[in-house]
Amino acid sequence: MLPQLKNNVMKKVTVKANDAGLVVVPSNNNPEFGYIRLEQKDNVMADGWLRPVVKSTILKGAVADLKELGFTPNMTLDGKIQIIESTTPTNPNNLAQDAKVAGESKVPCTIEGEQIYRTSIYTLDMEAVDTLVAHDNKEAITLAQAELAKAKETANLD
């Protein structure tokens, strides 16, 4: 685990409002249910490089229950956002849901031919660690990214 860089204090989770200023956002499919969006700034170490990241998740529930929490925009909460990756689909009825893809290229990230799925949760367990699965299809991703860059370059020349 990366030591905390600022005053040895874990960065707080922040409640975010949507563009309309709503903290509790009702579902388009069923307005009785909704979600609250949470963010946390963090630092990750990869290949010897420190990289700041913003993790996000949604806290789902009944709109009435979520409103009862009294969250306000930019309110800070104890806890953390944990990233969980695996090769188990999060929704067997919709295999595209939560599929991990490589940036703008949208190439599915896979390991040994299996799709990787990525979810995040809000937890009060300060000992929780991210569970990450490294993809092994780097060549396909690199090729797609090169093709995307070439297409952008061609478009800029026109």
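The values are calculated or read from the model by the stated rules, or taken from the named source; none is laboratory data. The structure displayed is predicted, hence computed values, not measured ones. Neighbour counts are summed over all protein chains in view; Cβ atoms, including those assigned to glycine, are modelled from backbone coordinates with ideal geometry.
Key figures
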item: Failed condition for ALA146, given (1) of a type in the set (A, V, I, L, M, F, W, C); (2) at pLDDT below 95; (3) in a loop (DSSP other than H, G, I, E, B); result: (3)
item: Residue within the stretch 78-86 that is over 29 Å from VAL23 (Cα atoms), in contact with a Leu (Cβ under 8 Å, 6 or more places away or on another chain) and outside the structural domain of VAL23 (by TED's automatic domain parsing) present; result: no
item: Out of ASP42, ASP98, sole residue that is on the phi > 0 side of the Ramachandran plot and in contact with a strand residue (DSSP E or B) (Cβ under 6 Å, 6 or more places away or on another chain); result: ASP98
item: Of residues in the stretch 26-45 being among the hydrophobic types (A, V, I, L, M, F, W, C) and surrounded by fewer than 17 Cβ atoms within 10 Å (Cβ to Cβ), the one nearest to the chain's Cα centre (by Cα); result: VAL44
item: Contacts under 7 angstrom Cβ, first residue in the stretch 20-48 being over 20 Å from LEU132 (Cα atoms) and in the same structural domain as PHE71 (by TED's automatic domain parsing), partner in a loop (DSSP other than H, G, I, E, B) and among the aliphatic types (A, V, I, L, M), 6 or more apart; result: VAL23/ALA17; GLY34/VAL24; ILE36/VAL23; ILE36/VAL24
item: Among residues of the stretch 96-142, those that are surrounded by 13 or more Cβ atoms within 10 Å (Cβ to Cβ) and either β-branched (Val, Ile, Thr) or out of contact with any His (no Cβ under 7 Å at 6 or more places or on another chain) (or both), counted; result: 30
